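Written out below as structure tokens is the structure these notes cover.
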Amino acid sequence: MNVLAEIAEQPSVVERLVAANRGRFPALAGAARDVSHVVVAARGTSDNAARYAQYVWGARNRLAVGLTTPSLFGIMAAPPRLTGALVVGISQSGQSPDLVAVLTEARRQHRPTVAITNDPASPLAGAADIVVDLAAGPERAVAATKTYTAELAAVALTSLAFSGHDPAPVADLVPILSSAVTDAARHAPAVAGLVDHHRSAVVARGFHYATAHEWALKLQELAQVVAHPFSAADFLHGPLALIDTGFPVLAVVTAGPTEAPMRDALTAARDRGAHIVALTDVDHPPAETAIAIPAVEPWLSPIVAAPYLQHFTHALALARHLDPDRPRGLTKITRTR
């Protein structure tokens, strides 16, 4: 029951995260001063937190944010110039040599570096000027749940620090998350239409593009479903041809500028016979099943959506007679070069 136990810890994790990093706000604000862009190094679930950073730091801090190619710093030994960049590494364990190599090279080029990690004593933290401690405690489940949510919250907290604001917007999510982790468990019946399917599409836009990637990753890790994440815009450019009767499309539809294009994409999929499950904070999305998530500011919505996609995928794994606490072929820490 490690996965469920760690999903349930998320409110307390976010509360500890805020408390542990308040004192780092001045240093983070200084690190973002006089930089033209941000380069982020991450892998796996942390890569999805980095996608969230692209939207949050872009929209709220007006920073161009790119995901680096760690192999250029590792096995290819051809690191690019990082002139003008703030370099950020995101990793639950902080152990992966290729991510450490990115921050090591950044420091060699005299660029400011930040590590977002659950292990302040890790090699990644040792390579950084500033460490944002996820404060999630030991994570025993192979699939990341509480550390993913903590990484999202850390990205949001860092955005507030970059702009000199108070951490209150993230701290205020704690009671909302407390309700969400309980409420999310009620939606297990939503998996019924997907039990016999082995492929799916996951669609979102904007801040929730990260959610689409993380949901797809969890479907592959825990439920052994081949799931591909799409921006709704990209989905309409060709992958819509995948859709036939009953094809599962999982989607995130939330209020704000992405709602209308999401409705358009899902209506097009539904017209072709797709079976749609939507995480949503709006009324009447074009979906067979709508799972209501808390309505919060759009830029914070991926944080409160996380336990819903995690509970959903856990329930689907069980319905497919799989053990989500022991996903096939995976280990807790993956070290890539």
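Computed per residue of the chain from DSSP H runs no shorter than four, each worth -39500 (n - 2.57), the mean residue ellipticity at 222 nm is -13000 deg cm²/dmol. To put it simply, the accessible area of the range 115-215 at a 1.4 Å probe is 56 percent carbon and sulfur. The phi torsions of the range 258-275, fed into the Karplus equation with coefficients 6.51, -1.76 and 1.60 and a -60° offset, translate into couplings of 8, 4, 4, x, 5, 4, 4, 5, 6, 4, 4, 5, 5, 4, 9, x, 5, 9 Hz, rounded to whole numbers, with Gly and Pro shown as x.
Measure nothing but the geometry: give the 0 to 90° angle between the long axis through the Cα atoms of 209-223 and the longest principal axis through the Cα atoms of the chain, rounded to 10°. Helix 209-223 and the main axis of the chain meet at about 70 degrees.
The charge dipole of the range 1-96, taken about the Cα centre with unit charges on the Cβ atoms of Lys, Arg (+1) and Asp, Glu (-1), comes to about 340 debye, rounded to the nearest 20. By how many degrees, 0 to 90 and rounded to 10, does the Cα axis of helix 10-21 deviate from the longest principal axis of the chain? That works out to roughly 20 degrees. Less than 5 angstrom separates the built amide H of Phe230 from those of Val202, Val203, Ala204, all sequence-distant by 5 or more or on a different chain. For Gly89, the residues whose modelled amide H falls within less than 5 Å of its own, excluding neighbours fewer than 5 places apart on the same chain, are Ala41, Val114, Ala115, Ile116.
Given an 8 Å cut-off on Cα distances and at least 6 residues of separation, report the relative contact order of the range 41-154 as a percent.
23 percent
When you count the other C-beta atoms within 10 angstrom of each residue and take the mean per peptide, 80-88, 246-254 line up highest first as 246-254, 80-88. Which distance in Å, rounded to a whole number, links the C-alpha centroids of the range 13-28 and the range 62-111? That distance is 23 Å.
In order along the range 64-69, phi translates into HN-Hα couplings of 6, 10, x, 8, 7, 9 Hz, rounded to whole numbers, per the Karplus curve 6.51 cos²θ - 1.76 cosθ + 1.60 with θ = phi - 60° and x for Gly and Pro. Using the Cα gyration tensor of the range 59-183, with a ≥ b ≥ c the square roots of its eigenvalues, what is the shape: rounded (a/c below 1.5), prolate (a/b larger than b/c) or oblate (neither)? Oblate, because a/c is 1.5 or more while a/b does not exceed b/c.
Ranked by the mean number of other Cβ atoms within 10 Å of their residues, highest first, the peptides 298-311, 62-75 fall in the order 298-311, 62-75. Let me know the shape class of the range 136-196, please: from the alpha-carbon gyration tensor, a ≥ b ≥ c as square roots of the eigenvalues, rounded when a/c is under 1.5, otherwise prolate if a/b is greater than b/c, or oblate. Prolate is the answer for the range 136-196, as a/c is 1.5 or above and a/b outweighs b/c. Calculation over all alpha carbon pairs of the chain in 10 angstrom steps from 0 returns a P(r) of 6, 27, 34, 24, 8, 0 percent.
How would you rank 19-29, 121-131, highest first, on the average number of other Cβ atoms within 10 Å across their residues? The partial results should precede the final answer.
Working: 19-29: 15.7, 121-131: 20.6.
Going by the mean number of other Cβ atoms within 10 Å, highest first, we get 121-131, 19-29.
What the phi angles of the range 295-309 give under the Karplus curve with 6.51, -1.76 and 1.60, with θ = phi - 60°, is a coupling list of 8, 9, 4, x, 6, 9, 4, x, 5, 7, 6, 4, x, 5, 5 Hz, glycine and proline written as x.
The values are calculated or read from the model by the stated rules, or taken from the named source; none is laboratory data. A quick note: this is a predicted structure, and the numbers were derived from the prediction, not measured. Please note: Cβ atoms are built from the backbone with ideal geometry, for glycine as well, and neighbour counts cover all protein chains shown. Quick note on the areas: whole protein, heavy atoms, side chains included, nothing else; ligands and nucleic acids left out. Shrake-Rupley method; radii C 1.70, N 1.55, O 1.52, S 1.80 Å.
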